[in-house]
Amino acid sequence: MAEKEQAFLQLIKQHAGILHKVARLYMDTETDRQDLIQEMMVQLWRSYDSFTGNSQFATWMYRVALNTALTYLRNNKKHSKHILYTHTPDVADTSSHPQQQAQLDIFYAATHHLNPVEKALIFYFMEGLSHKEIALQLGISEVNARVKLNRTKEKLQKIIKSLGYEF
């Protein structure tokens, strides 16, 4: 059991950026983001046995993290069951360049005006997934993924401009 837990924690640490990106897309405050990250880690641990290795761990992690965020939003309440980790990996956000961080803050503020599906599209795009991969993750056609992504990017640009910024 300890070996399995160590392997899991190593993978979580290696791909911690995924958790932060999802949390920033879906939650406004740092406290809410940390709560969501904890919930995503719980769901990842609960689902870890179902990870068969047919895809990359990061791909599986994206899906679990996004589904957890969407469920968390739908339920909109604190969960009473918590799994406590004795060796919680450091999953701190490691952005360090001030100008880049300011741009990211504006970007994430703008994403809060998107609906959950649009947030998922942007997240997958940011992670470099192809239209085909995005379509597979969301269960839609490749053409639909391309169209929705382009519309979402345009919407995001308009939101950023409406907030008084341009990149």
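Within the stretch 108-144, the residues that satisfy the criterion of being closer than 24 Å to His20 by Cβ and among the aliphatic types (A, V, I, L, M) are Ala109, Ala110, Leu114, Val117, Ala120, Leu121, Ile122, Met126, Leu129, Ile134, Leu136, Leu138.
Might you check whether a residue that is assigned to a helix (DSSP H, G or I), closer than 19 Å to Ala65 by Cβ and open to solvent by 70 Å² or more (accessible area, probe 1.4 Å) occurs anywhere in the stretch 109-120? The answer is yes, given that some residue of the stretch 109-120 is assigned to a helix (DSSP H, G or I), closer than 19 Å to Ala65 by Cβ and open to solvent by 70 Å² or more (accessible area, probe 1.4 Å). Ile12 meets all of the listed conditions (1) farther than 15 Å from Asn67 by Cα; (2) surrounded by fewer than 18 Cβ atoms within 10 Å (Cβ to Cβ); (3) not aromatic (Phe, Trp, Tyr) but one, namely (2).
Among the conditions (1) open to solvent by less than 50 Å² (accessible area, probe 1.4 Å); (2) assigned to a helix (DSSP H, G or I); (3) not acidic (Asp, Glu), the only one that Lys161 does not satisfy is (1).
When Asp49 is tested against (1) open to solvent by less than 20 Å² (accessible area, probe 1.4 Å); (2) at pLDDT 90 or above, only condition (1) is not met.
If you check Leu129 against the conditions, is it open to solvent by 60 Å² or more (accessible area, probe 1.4 Å) and either modelled with pLDDT under 55 or hydrophobic (A, V, I, L, M, F, W, C) (or both)? For Leu129, the condition - open to solvent by 60 Å² or more (accessible area, probe 1.4 Å) and either modelled with pLDDT under 55 or hydrophobic (A, V, I, L, M, F, W, C) (or both) - is not met. Among the residues making up the stretch 15-46, a single one is surrounded by 14 or more Cβ atoms within 10 Å (Cβ to Cβ), outside any helix (DSSP H, G or I) and at pLDDT below 90: Met27. Taking the listed residues Thr68, Thr111, Thr86, Thr59, the one that is among the β-branched types (Val, Ile, Thr), farther than 20 Å from Asp32 by Cβ and modelled with pLDDT of 50 or more is Thr59, with no other qualifying.
Between Ile140, Ile134, the distinction of being assigned to a loop (DSSP other than H, G, I, E, B), β-branched (Val, Ile, Thr) and either within 19 Å of the chain's Cα centre (by Cα) or closer than 20 Å to Ala65 by Cα (or both) belongs to Ile140 only.
The values are calculated or read from the model by the stated rules, or taken from the named source; none is laboratory data. Please read all numbers here as calculations on a predicted model, not as lab measurements. Note that we place each Cβ from the backbone using ideal geometry, even for glycine, and neighbour counts take in every protein chain shown. The accessibility values were calculated without ligands, DNA or RNA, using every heavy atom of the protein model including side chains. Shrake-Rupley method; radii C 1.70, N 1.55, O 1.52, S 1.80 Å.
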